[in-house]
Amino acid sequence: MCAASGWWVPAIAAAFMIFLTALRLNHEAIHNNLGFSARGHRLVLHGLSALMLGSNSAVAVNHLRHHRHVGQADDLEGKCGTMPAWRVLLYGPVFPIEMHRAAWASGGSIVRRRMAIDLTLNAAVVTAAVASGSVVLLFHVAAMLVAQCLTAFFAVWITHHDCDGAVARTQRSPLVNLLTYNMFLHLEHHLFPAVPVRRLARLAERLDRAFPALTAGTRPVIPTPFR
């Protein structure tokens, strides 16, 4: 609605929140945490691929590998966590290309078929935007492509950089966690990936009580004056 009315600043803010929301749902589908069947979670990944313009089936392959080999040489998703911020921003447009290429090379016939479905849906959305000349659709395509180029920074680097030996950073600010859908409770997610993101705040409280040394020295994702 904002894009159709030419209100570009709120349209960009809304597009950012659309991508963030889709990213959260996509992440939960990868870990089978939405309560659907295996097929249902795959359908969610396909649907979000059409919305976000990329193959979330490829993202799933690399993300699950990231959990198995976090910080190791074959952790393609997490490698940008070792880069300085400026380099991650420059690397951003290459990041989704490398993710797709790696998933296609290592995923086998099943993953390739799922990626083909995702990319076909991408092509349909882009074709519809160009053919219709719709300002709204063209804006959406442009916004999602820019967001994909920033994923390395906002979805990986911000939670994994300079962790001083920890697997990931975490966030204890209720306000920040509310605005980011608990996605910054990232250490807790790596420790217990089968716990749905909506339950991570409760998990964090339990960990603080039972194992205070575990999270006491962990760096926050975004420093705030409040714990």
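No value in this document is a laboratory result; all are computed from the given coordinates. These numbers were taken from a predicted model, which means no experiment stands behind them. Positions of Cβ are generated from backbone atoms using ideal geometry, with glycine treated the same way; all protein chains shown enter the neighbour counts.
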With point charges of +1 on the Cβ of Lys and Arg and -1 on the Cβ of Asp and Glu, referenced to the Cα centre of the chain, which listed residue (Leu191, Leu145, Thr21) lies farthest in the positive direction of the dipole?
Leu191
Net charge of neighbours whose Cβ lies under 14 Å from the Cβ of Val197, counting Lys and Arg as +1 and Asp and Glu as -1
+2
Take every Cα pair under 8 Å in the chain that's 6+ residues apart, average their separations, divide by the length, and report that relative contact order as a whole percent.
22 percent
Gaussian network model of the chain, Cα within-10 Å springs - most flexible of Ile158, Ile97, Ile110:
Ile110
Rg (one decimal) and Dmax (whole number) from the Cα set of segment 165-227, in Å, equal 10.6, 31
Charge sum, other residues only, whose C-beta stays under 10 Å from Gly81's C-beta, Lys/Arg counted +1 and Asp/Glu -1:
-1
Phi angles of segment 94-103, converted by Karplus (6.51 cos²θ - 1.76 cosθ + 1.60, θ = phi - 60°) into ³J(HN,Hα) in whole Hz with x for Gly and Pro, give 7, 3, x, 5, 5, 4, 5, 4, 5, 5
